[in-house]
Amino acid sequence: MQTKASEIKILAANRQAGHNYFLTDRYEAGIVLTGTEVKAAREGKIQLKDSYAEVLHGEAWLVNAHISPYSHGNRMNHDPVRSRKLLLHRTEIDKLLGRRASGGSR
């Protein structure tokens, strides 16, 4: 029987960020994608080199990540550089904003 850890496939990683910046915290987040973005991501067509996360209106967003258009997509293909919502817990978003989960306001 295989474990769940061996079933996880990493689709993209920004290894250069560890060389260019001092990383203090790491977060694991989900991301909201459209249908053609999911198919392109499974093909490995993701570029995170110039991307970053920012918090706007209490939600985390991935900005400047490039997901190439799906090769078999039609006119409904996605915008390659659109902002995508990140799925984080409220306490993690508050921590990114510098607030404490117990005493901070939203």
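The values are calculated or read from the model by the stated rules, or taken from the named source; none is laboratory data. Note that the structure is predicted; figures quoted are calculated from it, not measured. Cβ: placed from backbone, ideal geometry, glycine included. Neighbour counts: every protein chain shown.
Quick notes on this structure:
- Of the candidates H66, H78, H57, the single residue that is exposed (fewer than 12 other Cβ atoms within 10 Å of the Cβ) and not small (G, A, S) is H57.
- Of the helices (runs of 4 or more DSSP H) lying entirely inside region 1-103, the ones with 2 or more residues being at pLDDT below 85 are found at 4-7, 15-20.
- Test set (1) under 30 Å from T91 (Cβ atoms); (2) loosely packed, with under 15 Cβ neighbours inside 10 Å - S51 fails condition number: (2)
- Residue in region 38-57 that is touching a strand residue (DSSP E or B) at 6+ places or on another chain (Cβ under 8 Å) and hydroxyl-bearing (S, T, Y) present: yes
- Sole exception among (1) more than 15 Å from the chain's Cα centre (by Cα); (2) in contact (Cβ under 8 Å) with a residue 24 or more places away in the chain; (3) crowded, with 16+ Cβ neighbours inside 10 Å for I93, by number: (1)
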